[in-house]
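J.: Before I ask anything, here is the structure I am working with.
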Amino acid sequence: MLPPLPERMRPRNLDEYCGQGHLVGPGCILRNMIQNGNLSSFILWGPPGVGKTSLARIVASSLGREFHTLSAVSSGVKDVREVIEKARAEVSSVFSPKGAPILFIDEIHRFNKAQQDALLGAVEEGTVILIGATTENPSFEVINPLLSRCQVFVLKPLEPEDLEALLNRALKEDEILKHRKIDVRETGAMFRYSGGDARKLLNILEIVVDSAAPGNEVVIDNRMVESCLQSNTARYDKGGEMHYDIISAFIKSIRGSDPNAAVYYLARMLDGGEDPVFIARRLCISASEDIGLANPNAMLLANACFQTVTSIGMPEARIPLAEATIYLASSPKSNSAYMAVNNALAVARETQAESVPLYLRNAPTGLMEKLGYGDGYKYAHDYPGHFTDLEFMPEKLSGTVFYEPGENRHEDILKSYLKSCWPKYYK
């Protein structure tokens, strides 16, 4: 039984490799590393299907190095140590100029700290050259001592021209496809569904070709591809890097008052299967952090959106989410409350020992009253304008200002009131 098309089309050298020109193009770092034979440990970070495993194999075969592979999903510390011992034996028994064996670890981000620690000595000594592959940000998932001993190379989703080259090579060189009559009239749907993933593209091609009767000419256009696939295989990993990138762009678009970009990123998340309750929570945060006192109604609407989304679920939840998103993005902005509490927290951490003034303390017992608790407190409602000029801060913090009103209609009203109460603090 033949392996699937992506495996049959796995590149054997850099000439067959598609994409990542910034790493393997003429004069670029990985190509130079291979040509010079000066190989050091590195980590390949990128989305699925962009050639991480293929590139590791090409590096090993181009340099004639022994190649060991481990999967972080199924391997433990014992497996790591066994491979390292085997590599040590190979280095000590072979006196050729090949160099240290290569240890390729797929999904290295799944290794725990103990497993990663087991690699440190061998990598530092040069017993093995480590090539790790990960879809997750290595700065979060790989321990610092190991990360400092490896270069990190970022791989990107394949561009349309890369996908085109891969498609053409598959049609011309694959042992099955080259014997079929295949007329590719449109590539838009294939490229869109693949999302820059070479493996997805080849799987789609194989599905489309297999849907036609053997011996018949296969005419590939967008409509045919869509009918074969029937559902959009959007590239969105709810637990991965894409998740954080999209939600970051969503919140920053709201903060930047761009409702069009904000609703676009909302649609990306919903189409990718993101939890609508998670999105609603982030809208509540944005309403308080970025809109704040410039439009207090924003928090009310965001909270109403959260409750509605929790109650009705998808697909109807997309409508209140869109309403809240557009409203927040179109609202005036102020982070004055956000800055006030952050500044107050910073000071509070340094002044935990400061005493509350006695006149602000309650006196529920006779002893406390005798000690002066509550003595001198002025009840604001007993004074004109419901205000009395009483110091509420601890003595050493007298006059400290945390809240600086923003420049907007709502906070102009607040500032006017505060100026009437505290003219020495608010000019």
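J.: Rounded to the nearest 10 degrees, what's the angle between the helix 297-312 long axis and the longest principal axis of the chain, both from Cα atoms, 0 to 90?
T.: It is inclined by approximately 50 degrees.
J.: Output ³J(HN,Hα) for the range 129-136: one whole-Hz value per residue in order, computed from phi by the Karplus curve 6.51 cos²θ - 1.76 cosθ + 1.60 with θ = phi - 60°, and x for Gly and Pro.
T.: 9, 8, 10, x, 10, 8, 9, 9
J.: What is the distance in Å between the Cα centroid of the range 329-408 and that of the range 149-172?
T.: Centre-to-centre distance over Cα atoms comes out at 60 Å.
J.: On the accessible surface of the range 266-377, probed at 1.4 Å, how many percent belong to carbon and sulfur atoms?
T.: On the way: 3550 of 6220 Å².
Whole-percent figure for carbon plus sulfur exposure: 57.
J.: Then there is this: How large is the dipole of the chain about the Cα centre if only Lys and Arg carry +1 and Asp and Glu carry -1, each at its Cβ, rounded to the nearest 20 debye? Provide the component values of the computation, followed by the final result.
T.: On the way: 45 positive and 53 negative charges, 75 e Å.
For the chain, the charge dipole is close to 360 debye.
J.: A follow-up question, please. Grab the other residues whose beta carbon is less than 15 angstrom from that of His22, score K and R as +1, D and E as -1, and report the net. Mind dumping the intermediate values first?
T.: Details: positive: Arg31, Lys52, Lys156; negative: Glu159, Glu161, Asp162.
Net charge in that neighbourhood comes out at 0.
J.: Compute the projected area of the convex hull of the Cα atoms of the chain, averaged over all viewing directions, and report it in nm² to one decimal place. Mind showing how you got there, number by number?
T.: Values: hull surface 131.3 nm².
Hull-based average projected area comes out at 32.8 nm².
J.: Residue-wise, which Karplus ³J(HN,Hα) couplings in Hz belong to the range 159-174, taking 6.51 cos²θ - 1.76 cosθ + 1.60, θ = phi - 60°, and x for glycine or proline?
T.: Going residue by residue, I get 7, x, 5, 5, 5, 4, 5, 5, 4, 5, 5, 5, 5, 8, 10, 5 Hz, with x marking Gly and Pro.
J.: Ser257: net charge of surrounding residues, Cβ under 10 Å, Lys/Arg +1, Asp/Glu -1, itself excluded? Display every interim value, and only then the final one.
T.: Details: positive: Arg255, Lys333; negative: Asp258, Asp290.
Here the charged neighbours net out to 0.
J.: Based on the mean of other Cβ atoms within 10 Å per residue, sort peptides 372-383, 190-201 so the most packed one is first.
T.: 190-201, 372-383
J.: Further question on the same structure: Label-point separation (nm) for Leu397 and Val277, each offset 7 Å from Cα along Cα-to-Cβ?
T.: Spacing of the two 7 Å Cα→Cβ label points: 3.6 nm.
J.: If I compute solvent accessible area with a 1.4 Å probe over the protein chains, what percent of it on the range 1-60 is carbon and sulfur? Show your work: numbers first, answer last.
T.: Working: 1360 of 2610 Å².
Heavy-atom surface of the range 1-60 belonging to carbon and sulfur, 1.4 Å probe: 52 percent.
J.: So if R0 is 45 Å, what FRET efficiency would Lys78 and Ala165 give, r being the distance between their Cβ atoms, rounded to the nearest 0.05?
T.: Values: r = 42 Å, r/R0 = 0.94.
With a Förster radius of 45 Å, E is 0.60.
J.: List the residues whose amide H sits under 5 Å from the amide H of Val218, counting only those 5 or more places along or on another chain, with H placed 1.01 Å from N in the peptide plane.
T.: Those lying under 5 Å, H to H, from Val218 are Lys181, Ile182, Asp183.
J.: Nearest 500 deg cm²/dmol is fine: what mean residue ellipticity at 222 nm does the chain get from its DSSP H runs of n ≥ 4 alone, each adding -39,500 (n - 2.57), divided by its residue count? Write out the running numbers ahead of the final one.
T.: On the way: 20 runs with 209 residues, N = 427.
Mean residue ellipticity, 222 nm, calculated: -14500 deg cm²/dmol.
J.: Per residue, how much accessible area does the chain show when a 1.4 Å probe rolls over the protein heavy atoms, in square angstrom?
T.: Working: 23130 Å² over 427 residues.
Solvent-accessible surface per residue comes out at 54 Å².
J.: The chain: longest stretch without exposed GluC sites (Glu not before Pro) (DSSP loop, at most 15 other Cβ within 10 Å), sites themselves excluded? Show your work: numbers first, answer last.
T.: On the way: sites that count: Glu16, Glu175, Glu186, Glu217, Glu316, Glu354, Glu391, Glu407.
Within the chain, the longest run free of exposed GluC sites (Glu not before Pro) spans 17-174.
J.: Right, another one. I want the local charge near Val218. Using Cβ-Cβ distances under 14 Å, sum +1 for each Lys or Arg and -1 for each Asp or Glu among the other residues. Please report the intermediate quantities before stating the final value.
T.: Values: positive: Lys178, Arg180, Lys181, Arg185, Arg223; negative: Asp174, Asp183, Glu186, Glu206, Asp210, Glu217, Asp221.
Result for the neighbourhood of Val218: -2.
J.: Given Lys370/Lys427; Lys396/Lys427; Lys86/Lys200; Lys378/Lys427, which pairs have Cα atoms separated by over 29 Å?
T.: Where the Cα-Cα span goes over 29 Å, the pairs concerned are Lys370/Lys427; Lys86/Lys200.
The values are calculated or read from the model by the stated rules, or taken from the named source; none is laboratory data. Source: prediction; values computed, not measured. Please note: Cβ atoms are built from the backbone with ideal geometry, for glycine as well, and neighbour counts cover all protein chains shown. Please note that ligands, DNA and RNA were not included when accessible areas were found on the heavy atoms of the full protein model with its side chains. Shrake-Rupley method; radii C 1.70, N 1.55, O 1.52, S 1.80 Å.
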